[in-house]
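**Q** The structure that follows is given in the form of structure tokens.
The values are calculated or read from the model by the stated rules, or taken from the named source; none is laboratory data. Everything numeric here is computed off the predicted structure, so don't read it as measured data. All Cβ positions, even for glycine, are placed from backbone atoms using ideal geometry, and neighbour counts span all protein chains on display. Calculation scope for accessible area: heavy atoms of the full protein, side chains included, ligands and nucleic acids excluded. Shrake-Rupley method; radii C 1.70, N 1.55, O 1.52, S 1.80 Å.
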Amino acid sequence: LVGRIADLSQALRGALAICELTAAVVALGLRSAPVLMPLLLTSVLHAAALAPTTTLADALALGAAMRGHGRQGFEYGWVRGTGSAVFIVGTLVSGQVVAVWGLASIIISQAVLLFAASGVATLLPIAEQRDAASGTASSARDGVVALLGMPMFRRIMLVSALVLGSHAMHDTFAVIRWSAAGITPSVASTLWSLSVTAEVLVFFIGPRLLSEFGPARVVALAAGAGVVRWIVMASSTSVIALALVQPLHGLTFAALHLACMRVISVIVPPHLAATAQAMYALGAGATTALLTLASGSLYGAVGAQGFWVMAVLCAAALPLARGLRRAPVTRS
């Protein structure tokens with residue numbers, strides 16, 4: 001909804017700043033909501049305000065990254081890679097902050113950072129919006145229908161839903177499985193850090209990978225890596241085996257995301273940029289939510305063998321990657 005409003009008003013910067021400012025204010029409310037229902041309502045409002053920030057930022061970053069019209073662009077992957085790297089730093093710093101000032105300190109920290117982000121958002125460059133007139137004249141429904149009418153965009157949404165959604169069981173039950181197998185928390189944190197480190201690395205080298213092989217092959221590589229990763233998760237709790245497959249997260253998430261963004265940046269008209277990002281996130285997010293819900297029953301019934309279902313989802317994405325061979329491979 002926010003993405004579509006941002007496109008119709010051609011105010012992506014303003015929408016991003018408002019969402020970040022709202023999230024900052026609501027975050028402070030989490031400190032004074034100890035009762036379940038007020039806490040739940042505040043959390044839902046906070047999530048609603050925070051959710052559009054990534055999609056709006058991606059739309060702005062992709063627009064600024066595109067070369068042309070006398071402007072020098074940059075690699076979108078470098079921006080996402082930097083964000084992932086800072087995430088690692090933020091996680092380490094947060095642990096130290098909590099150790100000194102307690103759990104409430106992370107709420108204050110987030111609010112301060114979101115306030116700062118809302119100010120910085122107003123300084124972002126405005127991407128040139130070709131076809132802006134036709135975008136503002138269309139209705140919210142027309143924009144969604146137009147995107148769903150693009151076969152390539154529908155394929156991107158389906159591929160991302162399958163591969164990204166397959167992470168649901170891992171994100172929910174991986175540490176539980178490892179702990180039950182006797183893997184210590186320190187080793188588990190190391191395994192988790194391997195995946196994030198690989199994510200950062202692929203975000204930085206991914207643009208070159210896309211230029212060399214094209215989106216279709218990179219998507220197929222990501223889906224294939226998912227098959228291998230989830231089969232190993234279903235079959236073994238060996239620390240060595242897990243250490244070998246955890247870095248595949250760089251392919252199953254970062255490489256896939258870069259390939260999808262490369263296609264979207266070329267096939268979607270600028271006046272639908274925020275809407276496209278919101279729909280992309282909605283497809284993957286809704287699938288992940290449903291699979292997370294299903295993973296509880298699945299893991300309860302068959303344990304780690306449920307990862308075979310996640311492998312099947314990635315395998316189903318492999319033939320869909322072939323349809324992306326017609327996707328443009330220009331640098332973004």
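**Q** Looking only at residues in region 25-40 that are open to solvent by 50 Å² or more (accessible area, probe 1.4 Å) and in contact with a helix residue (DSSP H, G or I) (Cβ under 9 Å, 6 or more places away or on another chain), which one is nearest to Gln277 (Cα to Cα)?
**A** It comes out as Val25.
**Q** Here's another thing I want to ask about it. Exactly one of these conditions fails for Phe74: (1) modelled with pLDDT under 90; (2) under 21 Å from Val266 (Cβ atoms); (3) assigned to a helix (DSSP H, G or I). Give me its number.
**A** Only one criterion is unmet by Phe74, namely (3).
**Q** Determine whether Trp178 is aromatic (Phe, Trp, Tyr), crowded, with 23+ Cβ neighbours inside 10 Å and over 14 Å from Ala321 (Cβ atoms).
**A** No; evaluated as a whole, the condition is false for this residue.
**Q** Of the residues that sit in region 159-208 and are touching a Leu at 6+ places or on another chain (Cβ under 6 Å) and more than 14 Å from Phe307 (Cα to Cα), which one is modelled with the highest pLDDT?
**A** Residue satisfying both the conditions and the ranking: Val159.
**Q** Spot the failing condition for His170; the list is (1) touching a residue at least 60 places away in the same chain (Cβ under 8 Å); (2) open to solvent by 10 Å² or more (accessible area, probe 1.4 Å), and only one is missed.
**A** (2)
**Q** Right, something else. Looking at Ser265, Ser211, Ser295, which is the one that is of a type outside the set (D, E, K, R), buried (at least 18 other Cβ atoms within 10 Å of the Cβ) and at pLDDT below 90?
**A** Criteria check complete, one pass: Ser265.
Results for (1) under 25 Å from Trp192 (Cα atoms); (2) under 22 Å from the mean Cα position of the chain (by Cα); (3) buried (at least 16 other Cβ atoms within 10 Å of the Cβ), shown as yes or no for each residue.
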position: Leu12; (1), (2), (3): no, yes, yes
position: Ile18; (1), (2), (3): no, yes, yes
position: Ala23; (1), (2), (3): no, yes, yes
position: Thr42; (1), (2), (3): no, no, yes
position: His46; (1), (2), (3): no, yes, yes
position: Gly63; (1), (2), (3): no, yes, yes
position: Val100; (1), (2), (3): yes, no, no
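**Q** Continuing with the same structure: In region 268-292, what count of residues is obtained for those that are open to solvent by 40 Å² or more (accessible area, probe 1.4 Å) and outside any helix (DSSP H, G or I)?
**A** Residues meeting the conditions: 0.
**Q** Assuming Pro34 fulfils every condition listed in (1) within 18 Å of the chain's Cα centre (by Cα); (2) outside any helix (DSSP H, G or I) apart from one, which condition is it?
**A** The one condition Pro34 does not meet is (1).
**Q** On to the next question. Considering Gly296, Gly303, Gly283, which residue is closer than 28 Å to Gly149 by Cβ and not hydrophobic (A, V, I, L, M, F, W, C)?
**A** Gly283 is the lone residue from the list that is closer than 28 Å to Gly149 by Cβ and not hydrophobic (A, V, I, L, M, F, W, C).
**Q** Then there's this: Does any residue in region 205-220 that is on the phi > 0 side of the Ramachandran plot come within less than 7 Å, Cβ to Cβ, of a residue that is open to solvent by 50 Å² or more (accessible area, probe 1.4 Å) six or more places away or on a different chain, and which pairs are these?
**A** Gly214/Val329
**Q** Let me ask something else. What pairs can you find where one residue is in region 296-321 and assigned to a helix (DSSP H, G or I), the other is of a type in the set (Phe, Trp, Tyr), and their Cβ atoms are less than 6 Å apart, with a gap of 6+ or different chains?
**A** Tyr299/Phe173; Gly306/Tyr299; Phe307/Trp230; Met310/Trp230; Ala311/Trp230
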